[in-house]
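Reading through the structure tokens given below for one structure.
The values are calculated or read from the model by the stated rules, or taken from the named source; none is laboratory data. Computed from a predicted model, the values in this text were never measured in an experiment. For neighbour counting, all protein chains shown are included, and Cβ atoms are generated from backbone atoms with ideal geometry for every residue, glycine included. Areas reflect the complete protein model, heavy atoms only, side chains present, ligands, DNA and RNA absent. Shrake-Rupley method; radii C 1.70, N 1.55, O 1.52, S 1.80 Å.
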Amino acid sequence: MPVLDAKIPEGPLEEKWSNYKFKSKLVNPTNRRKHTIIVVGTGLAGSAAAATLAEQGYQVKAFTMHDSPRRAHSIAAQGGINAAKNYCNDGDSVRRLFYDTIKGGDFRSREANVHRLAEISANIIDQCVAQGVPFAREYSGYLENRSFGGTQVSRTFYAKGQTGQQLLLGAYSALMKEVDNGNVTLYTRREMVDLVVIDGIARGIIVRNEITGKIESYAADAVLLATGGYTNVFFLSTNAMGCNVTAAWRAHKKGALFANPCYTQIHPTCIPVHGEYQSKLTLMSESLRNDGRVWVPKVKEDRRPPHLIPEAERDYFLERKYPSFGNLVPRDLASRNVKEQCDQGKGLGSTGFAVCLDFSESIKRLGADVIRSRYENLFEMYEKITGSDPYKEPMLIYPAPHYAMGGLWVDYDLMSTVPGLFVLGEANFSDHGANRLGASALMQGLADGYFVIPSTLPNYIAGSSLSQVTTDHPAFKQAEEDASKKIKQLLGIKGKKTVDAFHRELGLLLWDKCGMARNEEGLTEALKKIPEIRQEFWENVTVSGSEGELNQTLERAGRVADFLEFGELMVQDALHRRESCGGHFREECQTPDGEAARNDDQFCYVGAWGFNGVDAAPTLHKEPLTFESVPLTQRSYR
Amino acid sequence: MSKLDLTLKVWRQKDANSPGKFEIYLARGIDEDASFLEMLDVINEELTQKGQDPIAFDHDCREGICGTCGAVVNGRAHGPLKTTTLCQLHMRHFKNNDTIVIEPFRSRAIPVVRDLVIDRSAFDRVIAAGGYISVRTGSAPEANSMLVPKQDSEKGFDSAQCIGCAACVAACPNASAMLFVSAKISHLAVLPQGQPERLKRVVKMVHAMDKEGFGNCSNEYECEAACPKGIKVANINLMNRDFFKANLTT
Ligand SMILES: Cc1cc2nc3c(=O)[nH]c(=O)nc-3n(C[C@H](O)[C@H](O)[C@H](O)COP(=O)(O)OP(=O)(O)OC[C@H]3O[C@@H](n4cnc5c(N)ncnc54)[C@H](O)[C@@H]3O)c2cc1C
Ligand code: FES
């Protein structure tokens, strides 16, 4: 079985990143402008990377499928961003953030990357404050913090429930500054449909211009993908409607290995599903668990409205089972416990698939104004969607697909297995193992973009002798042709079933068989069904309109086609990993008290898959994980 | 759960250069808990199944934060509910047998691309002209070395909440973008970090705004009424004061 080398620098954990930076090759300032760098995606990771590389002097071309860089899904992040500042003097440190992240990820992430992330975290806050990000502050004018799940310190910086918005607008402003300076060329409403690899090296991309339908080619010395996560494979998720796996998947088909696709995060606190027509699920930020208490009725089938169930008849099951972390256990644990309570018949709401997130005690203790100042927009959003007022009645919540820990495999430099192709943010697999802690995705996206790639990309550029390549190269022409062919094929089927119908069918199947709990039988069944759905898609999908115009159905069809291939890999990965870890819960592998039971002897590795053709079995590559700094132990939050 | 039957009059336009017109669609059995965009999804599924072109509309987060969605509904940008984006408007706010007129945000500076989809790239160009603090990555001081009074930070936040949806432009009889531009200017002007470039910023952004062909403000307050994030016209006053000051000092 092929073994992957992550190129982790020598030396003790604490010195690896500074050793790396000292030893890495540099590009002379006057030479930088001779290099064109493509950045796909303008979320936190992409905008931060594009702005910073442009400041260094590279010629950056930034692409987004949105009408503006500011629309990237990062904008929707609510609760906050972690940093080991220890402003609360409550025992935080780089070491502790590192440790919490490794443990939270259930010992399935790479120590060296996680430590670097923790080291960089503090600089991110400095940078964002300097850009004018209006973080929450104390009356004294100092920055304020709150707690997130899986930790016992307060290290989360936030801007009401709109932290992602404020951070993205900061990164966007940095990006637009470089557009004005002439160092970034912005390409909006462009969807990346292929990666161009020449002599084994990533040298450009193919995009579809969403307005004109034209297929366009762009060449560069390196390609950076920052295209976000794939959780929309489940159809219903907390992600924005456009989130997709297309860019990553098409790069995968050109040789980039896909790591741990089965590690998906199901977020415990979301507004429950309520109807057939539903298009997405809405997150209620984890930060709410700072002041909200999770409970169900003590007895089954108690269908009284929650506020009529007396205190003595409520079971605060997280506080009961996990006294030291209480409501703030990590997401995977919280979600599984919510599911367990509902499966036992203790769920509430019209479907019985919901539990209470109750603020009454906090409102009594702190006053409604304090609660309003912390969560105003979240409470408003809840009321708009459900028509119920969370200041008066408990919220009803249920877990929903939320985040992708898996992604394209990258080494310590964030380079994929295709030289010259780098992957940043949620699109890579790197730092969160099998479960991400809250407020750590924003941190990772910005760490990758502002601080990691600006140090690792020059090392690649300076160390390679790249030949001149233009878009006249046959590889570009071939990729353009393939892209057009695929589009024509989709438009030519003229079947009877809509794109969304296929997406929904795939999503429900995955939610059922490869969601919060998985087992051999269900996964095997899904593996049989997915190719059938895929085949039907290519025979019976209907895509209206033509290619040379704005065609949103066509855009979605391309994305769903990729989900139908990717979903199969996700299930294959879940089936092969006969252990439970983090968000990957195999029912066959539990401890006697129902917690995830890892199998470190057999599965202490990153599973990275190589593509061999749509209907061919993929090749598994392994990156063994070694834990030198934190002993491998069973996680406990009790 | 009650269901609604509705008549929709929707603006259809093939592309920027084609003339557009209203088409009528019947929406039957719409769940009152569905969002406005989910109602359009239902119509689009039906149109697609009949082999017709679905209604093109922009959207993404469906949580009222990305600023991608928006249309004029019964004459009001983002529809009848205050401080609510179109994606957060739910059908329970309509009555059975209502007729709903749906058209794109319209203004010369944000032209229609197709149906309800518009081109807001002018907003990006105005921000590029100066809507930032010119700090290079890596040069920031320790975050707590500069204190920001809580009330200033909150004021900055209130302006910074703008989602760039362009409802203000669509609602303004003069097609002015002043609410959008002044929100960014105020956000940075009330924070200590924003001071060094404060006057230069307002001049550059106002000039960029004029160049894009947005109109002037004549105190109609329609923008404030339409803004899904409750951005206040007071931001425009601050922008005007700063612009005046900048012209005095240069
Ligand atoms: C509702 C919600 C709340 C969250 N809250 C938090 C939180 O409080 N704290 C936290 O740490 N994390 C949070 N997260 C997670 C976090 O927001 C994301 O993981 C993170 O923002 C991802 O950033 P990114 O830059 O990797 O990708 P994104 O922000 O998703 O950006 C992707 C970019 O790629 C572009 N793109 C995608 N595909 C293509 C293509 N094929 N062609 C061209 N362009 C393409 C898009 O246009 C976009 O610009 C939350 C997530 C959700 C869903
Ligand atoms: S879709 Fe994002 S604001 Fe409406």
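For the reader, a short list of remarks on this structure follows.
- Residues within the stretch B:12-62 that are assigned to a loop (DSSP other than H, G, I, E, B), open to solvent by less than 30 Å² (accessible area, probe 1.4 Å), out of contact with any strand residue (DSSP E or B) (no Cβ under 8 Å at 6 or more places or on another chain) and within 15 Å of ligand 2 (Cβ to nearest atom), tallied: 2
Here's the yes/no breakdown for (1) surrounded by fewer than 22 Cβ atoms within 10 Å (Cβ to Cβ); (2) more than 16 Å from ligand 2 (Cβ to nearest atom); (3) among the hydrophobic types (A, V, I, L, M, F, W, C):
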residue	(1), (2), (3)
A:Phe157	no, yes, yes
A:Gly161	no, no, no
A:Gln166	no, no, no
A:Leu169	no, no, yes
A:Leu175	no, yes, yes
A:Asp180	yes, yes, no
A:Val184	no, yes, yes
A:Asp194	no, yes, no
A:Thr212	yes, yes, no
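- For the stretch B:63-84, a tally of residues being touching a Cys at 6+ places or on another chain (Cβ under 9 Å), within 12 Å of ligand 2 (Cβ to nearest atom) and closer than 21 Å to B:Gln13 by Cα returns 4.
- Scanning the stretch B:185-214 for residues that are open to solvent by 50 Å² or more (accessible area, probe 1.4 Å) and closer than 25 Å to B:Glu154 by Cα turns up B:Gln195, B:Pro196, B:Arg198, B:Leu199, B:Lys200.
- Check on A:Gly594, assigned to a loop (DSSP other than H, G, I, E, B) and outside the structural domain of A:Ser324 (by TED's automatic domain parsing): yes
- The requirement of being open to solvent by 30 Å² or more (accessible area, probe 1.4 Å) and in contact with a strand residue (DSSP E or B) (Cβ under 8 Å, 6 or more places away or on another chain) is satisfied by B:Cys217.
- The numbered conditions (1) more than 27 Å from A:Ala76 (Cβ to Cβ); (2) touching a Pro at 6+ places or on another chain (Cβ under 7 Å); (3) among the acidic types (Asp, Glu) are all true for B:Asp98 except (2).
- Qualifying residue in the stretch A:564-582 (condition: closer than 28 Å to A:Lys253 by Cα, among the aromatic types (Phe, Trp, Tyr) and buried (at least 20 other Cβ atoms within 10 Å of the Cβ)): yes
- Looking across the stretch A:190-220 at every residue that is within 14 Å of chain B (Cβ to nearest Cβ) and part of a strand (DSSP E or B), the one that is nearest to ligand 1 (Cβ to nearest atom) is identified as A:Glu191.
- Going through (1) open to solvent by 10 Å² or more (accessible area, probe 1.4 Å); (2) more than 19 Å from A:Val245 (Cα to Cα); (3) in contact with a Leu (Cβ under 7 Å, 6 or more places away or on another chain); (4) not assigned by TED's automatic domain parsing to the domain that holds A:Leu288 one by one, A:Gly449 falls short only on (1).
- In the stretch B:103-119, residue nearest to B:Lys21 (Cα to Cα) [restricted to those that are touching a strand residue (DSSP E or B) at 6+ places or on another chain (Cβ under 6 Å) and facing chain A (nearest Cβ under 9 Å)]: B:Asp115
- Residues that are more than 16 Å from ligand 1 (Cβ to nearest atom) and either open to solvent by 20 Å² or more (accessible area, probe 1.4 Å) or of a type in the set (Asp, Glu) (or both) number at least 3 in the following helices (runs of 4 or more DSSP H) confined to the stretch A:3-108: A:16-23, A:29-32, A:94-104.
To keep it simple, each residue is scored yes or no on (1) at the interface with chain A (Cβ under 7 Å from one of its Cβ atoms); (2) open to solvent by 20 Å² or more (accessible area, probe 1.4 Å); (3) within 16 Å of ligand 1 (Cβ to nearest atom); (4) modelled with pLDDT of 95 or more.
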| site | (1), (2), (3), (4) |
| --- | --- |
| B:Ser134 | yes, yes, no, yes |
| B:Ala143 | yes, no, no, yes |
| B:Phe180 | no, no, no, yes |
| B:Ala183 | no, no, no, yes |
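- Among the residues examined, B:His78 does not qualify as within 30 Å of A:Gly495 (Cβ to Cβ) and touching a Leu at 6+ places or on another chain (Cβ under 8 Å).
- Given (1) within 9 Å of another protein chain (Cβ to nearest Cβ); (2) surrounded by fewer than 24 Cβ atoms within 10 Å (Cβ to Cβ); (3) assigned to a loop (DSSP other than H, G, I, E, B), number of the condition A:Ala122 does not satisfy: (3)
- Breaking point among (1) in a loop (DSSP other than H, G, I, E, B); (2) surrounded by fewer than 17 Cβ atoms within 10 Å (Cβ to Cβ), for A:Gln602: (1)
- Each residue in the stretch A:345-380 was checked for being among the aliphatic types (A, V, I, L, M) and touching a helix residue (DSSP H, G or I) at 6+ places or on another chain (Cβ under 7 Å), and 6 of them qualify.
- You will find that of A:Leu506, A:Leu442, the residue that is closer than 30 Å to B:Ile43 by Cα, modelled with pLDDT of 95 or more and crowded, with 24+ Cβ neighbours inside 10 Å is A:Leu506 and no other.
- Positions within the stretch A:252-288 being more than 10 Å from ligand 1 (Cβ to nearest atom) and part of a helix (DSSP H, G or I), in sequence order: A:His252, A:Lys253, A:Leu288
- Conditions (1) within 14 Å of chain B (Cβ to nearest Cβ); (2) in contact with a Lys or Arg (Cβ under 7 Å, 6 or more places away or on another chain); (3) not in a helix (DSSP H, G or I); number of the one not met by A:Leu186: (2)
- Top-ranked residue of the stretch B:65-101 - restricted to ones that are crowded, with 23+ Cβ neighbours inside 10 Å and facing another protein chain (nearest Cβ under 7 Å), ranked as nearest to the chain's Cα centre (by Cα): B:Gly67
Condition check ((1) open to solvent by 10 Å² or more (accessible area, probe 1.4 Å); (2) within 16 Å of ligand 1 (Cβ to nearest atom); (3) touching a residue at least 12 places away in the same chain (Cβ under 8 Å); (4) more than 22 Å from A:Gly610 (Cβ to Cβ)) across all residues:
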| site | (1), (2), (3), (4) |
| --- | --- |
| A:Leu408 | no, yes, yes, no |
| A:Asp413 | yes, no, yes, no |
| A:Val418 | no, no, yes, no |
| A:His432 | no, yes, yes, yes |
| A:Gly438 | no, yes, yes, yes |
| A:Gly463 | yes, no, yes, yes |
| A:Asp482 | yes, yes, yes, no |
| A:Ile487 | yes, yes, yes, yes |
| A:Lys494 | yes, no, yes, yes |
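- Yes/no for A:Lys339 being within 13 Å of chain B (Cβ to nearest Cβ), basic (Lys, Arg) and open to solvent by less than 60 Å² (accessible area, probe 1.4 Å): no
Yes or no, residue by residue, for (1) in contact with a Gly (Cβ under 7 Å, 6 or more places away or on another chain); (2) more than 14 Å from every other protein chain (Cβ to nearest Cβ); (3) on the phi > 0 side of the Ramachandran plot; (4) open to solvent by 50 Å² or more (accessible area, probe 1.4 Å):
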position: A:Glu276; (1), (2), (3), (4): no, no, no, yes
position: A:Ser285; (1), (2), (3), (4): yes, no, no, no
position: A:Leu288; (1), (2), (3), (4): no, yes, no, no
position: A:Pro310; (1), (2), (3), (4): no, yes, no, yes
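- On the stretch given as the stretch A:132-170, residues that are assigned to a helix (DSSP H, G or I), touching a Leu at 6+ places or on another chain (Cβ under 9 Å) and within 7 Å of chain B (Cβ to nearest Cβ) total 0.
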